Amino acid sequence: MKINDALTGAALLALGLVILWRVQGFPEMPGQRFGPAWFPAIIAAGLAGCGLVLMVRGVRSRAPWIALDEWTRRSRPLAGFASVIAGLAFYVAVADRLGFHLTGFILLIWWLRVLGARWRLTIAVAIAAPVLLHLAFYKVLRVPLPWGVLERFAF
């Protein structure tokens, strides 16, 4: 899928303008020439400027606003795309109650089968990936993941 640069530029321009508007409320630093709003304002101005350039180029190109690729006309890639979106919504809805491990196991089985993986690979990845992700996030990065129904096995 190709989105016209004019649309992307409009989004960047809007983001830059919103940031510029928000940093105006940052407090001044007494005795300093540059306050806490200075650096974010420079970045926001750059975003807005790049967005403006993209908008002009996108309008001049006369390309369609949105051009769908060939894959969007086939059912299997569309099913994969839809399953990822639905799976993320499923995770948000049930991860706290069911837990990261079980939710990840269910999602990986679903996603890998929809995307065409064989059962042997699907089961191996669905078992190993949540455990490895748990170790990476919970133990190394110290990001707590929900245990859900497996709370009594938490370590």
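List of remarks:
- Selection within segment 133-155: residues that are within 21 Å of the chain's Cα centre (by Cα) and part of a helix (DSSP H, G or I). The member of this set that is surrounded by the fewest Cβ atoms within 10 Å (Cβ to Cβ) is ALA136.
Matching residues to (1) closer than 20 Å to MET1 by Cβ; (2) out of contact with any helix residue (DSSP H, G or I) (no Cβ under 8 Å at 6 or more places or on another chain):
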| residue | (1), (2) |
| --- | --- |
| ARG62 | yes, yes |
| TRP65 | yes, no |
| ALA79 | yes, no |
| ALA82 | yes, yes |
| ALA93 | no, yes |
| GLY99 | no, no |
| LEU112 | no, no |
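- Any hit, segment 47-57, residues being free of Cβ contacts under 8 Å to residues at least 24 places away in the same chain and among the basic types (Lys, Arg): no
- Scanning segment 75-90 turns up one or more residues that are loosely packed, with under 11 Cβ neighbours inside 10 Å and modelled with pLDDT of 95 or more.
- Test: residue in segment 7-26 that is among the polar types (S, T, N, Q) and under 30 Å from ARG73 (Cβ atoms): yes
- Of the residues making up segment 92-108, those that are buried (at least 17 other Cβ atoms within 10 Å of the Cβ) and outside any loop (DSSP other than H, G, I, E, B) are ALA95, LEU98, PHE100, HIS101, LEU102, THR103, GLY104, PHE105, ILE106, LEU107, LEU108.
- Test: residue in segment 14-36 that is loosely packed, with under 13 Cβ neighbours inside 10 Å, outside any helix (DSSP H, G or I) and touching a residue at least 40 places away in the same chain (Cβ under 8 Å): no
- Of the listed requirements (1) touching a residue at least 40 places away in the same chain (Cβ under 8 Å); (2) open to solvent by less than 70 Å² (accessible area, probe 1.4 Å); (3) not in a loop (DSSP other than H, G, I, E, B), ALA63 misses just one: (3).
- Each residue in segment 109-123 was checked for being free of Cβ contacts under 8 Å to residues at least 24 places away in the same chain, surrounded by 14 or more Cβ atoms within 10 Å (Cβ to Cβ) and in a helix (DSSP H, G or I), and 5 of them qualify.
The values are calculated or read from the model by the stated rules, or taken from the named source; none is laboratory data. Note that this is a predicted model, so its numbers are computed, not measured. For neighbour counting, all protein chains shown are included, and Cβ atoms are generated from backbone atoms with ideal geometry for every residue, glycine included. Accessible surface is based on the protein model in full, side chains and every heavy atom, while ligands, DNA and RNA are left aside. Shrake-Rupley method; radii C 1.70, N 1.55, O 1.52, S 1.80 Å.
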